[in-house]
Each structure stands twice: as structure tokens, then as C-alpha cells.
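Data first, discussion second: the structure below is written as C-alpha cells.
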Amino acid sequence: MAVTITWNITGMRRTVADGGVFEVDWECVASEEGLNGTVSETYSFNPNPDSETFIVYEDLTEANVLSWVKGGNQEFADDVESEAKNSLLVAKEEAKVASGVPWS
């Protein structure tokens with residue numbers, strides 16, 4: 001089975017007055033066989049409501065925000081996905097081990 005990579009925006013903070021998003025919580029999840037490896041961080045920036053590229057909160061799509069997070073930097077995206085895959089490998093190894101006692 002192949003590893004599936006999924007990027008998600010999990011939260012945003014914005015200025016109410018102008019709808020400018022200034023902080024984004026994101027995650028990259030590598031999934032395979034019911035197990036996940038996840039990398040998550042917060043991306044902060046200073047929105048400029050006067051910019052031609054400014055998008056108010058109500059008009060944002062997840063694709064818009066993911067493009068901010070990745071910043072057009074394929075090397076960054078590749079590194080994050082590699083880290084998520086490594087986290088998945090750890091989860092696979094941990095799934096092979098159990099602890100406890102057989103009685104209650």
C-alpha cells in the first residue's frame with residue numbers, strides 16, 4: 001500500500017476589523033494501513049489589507065492558505081512530507097510492540 005500525504009489547515013487567527021489572517025495552524029499527515037505520521041506547526045505573518053493579493057477571511061479557501069504555508073517552496077514541502085513519512089515509520093514500529101499484563 002502506498003503512503004498518502006495530506007496537508008490540512010487546522011486553524012487560523014485573524015483581525016476582526018479587516019479580516020486579515022495573521023496566524024495559520026497547519027499539519028502534514030502521512031498515512032498508510034491505518035497509521036499516521038504527522039508534522040504540525042504554526043505559520044505567522046503580517047497581512048497587508050492594501051495589497052492587491054490580500055484575501056479577506058470570508059473569501060479564503062484551504063488551497064489559498066496552503067499556498068501561503070508552502071510559499072511556493074517545493075524543497076520546504078518535500079522536507080515536511082519526508083518528516084511526516086519518518087514519523088509514520090516510527091508509528092509503524094511502535095504498532096509492533098505492546099505492553100501490559102494479561103490479567104486484570
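No value in this document is a laboratory result; all are computed from the given coordinates. All of these numbers come straight from a predicted model, not from anything done at the bench. Backbone-built Cβ (ideal geometry, glycine too); neighbour counts: all protein chains shown.
Ordering Gly37, Gly100, Thr4 by Cα displacement along the dipole of the chain toward the positive end leaves Gly100 in first place; charges were set at the Cβ atoms of Lys, Arg (+1) and Asp, Glu (-1). Helix 74-95 and the long axis of the chain differ in direction by around 30°, with both axes built from C-alpha atoms. A simple spin-label model places pseudo-atoms 7 Å from Cα toward Cβ; at Lys85 and Val16 they are separated by 4.5 nm. When +1 charges are put on Lys and Arg Cβ atoms and -1 charges on Asp and Glu Cβ atoms, the dipole computed for the chain relative to its Cα centre reaches about 380 debye. Annotation for region 18-104: chymotrypsin sites (Phe, Trp or Tyr not before Pro) lying in DSSP loop with at most 10 further Cβ atoms inside 10 Å of their Cβ are Trp103. Phi angles across region 60-68 convert, under the Karplus curve 6.51 cos²θ - 1.76 cosθ + 1.60 with θ = phi - 60°, into 3J(HN,Hα) values of 6, 10, 4, 4, 4, 5, 4, 5, 5 Hz, Gly and Pro given as x.
Where in the chain are there GluC sites (Glu not before Pro) that are in a DSSP coil and have at most 15 other Cβ atoms within 10 angstrom of their Cβ? List each step's numbers first, then the result.
Working: sites: Glu23, Glu27, Glu32, Glu33, Glu41, Glu52, Glu58, Glu62, Glu75, Glu81, Glu83, Glu93, Glu94; in loops: Glu33, Glu52.
Taking the chain and a limit of 15 other Cβ atoms within 10 Å, the loop GluC sites (Glu not before Pro) found are Glu33, Glu52.
Were the residues from Trp103 through Glu52 laid out at 0.36 nm apart, the gain over their Cα-Cα distance would be 11.8 nm. Working from Cα pairs under 8 Å separated by at least six residues, relative contact order for the chain is 28 percent.
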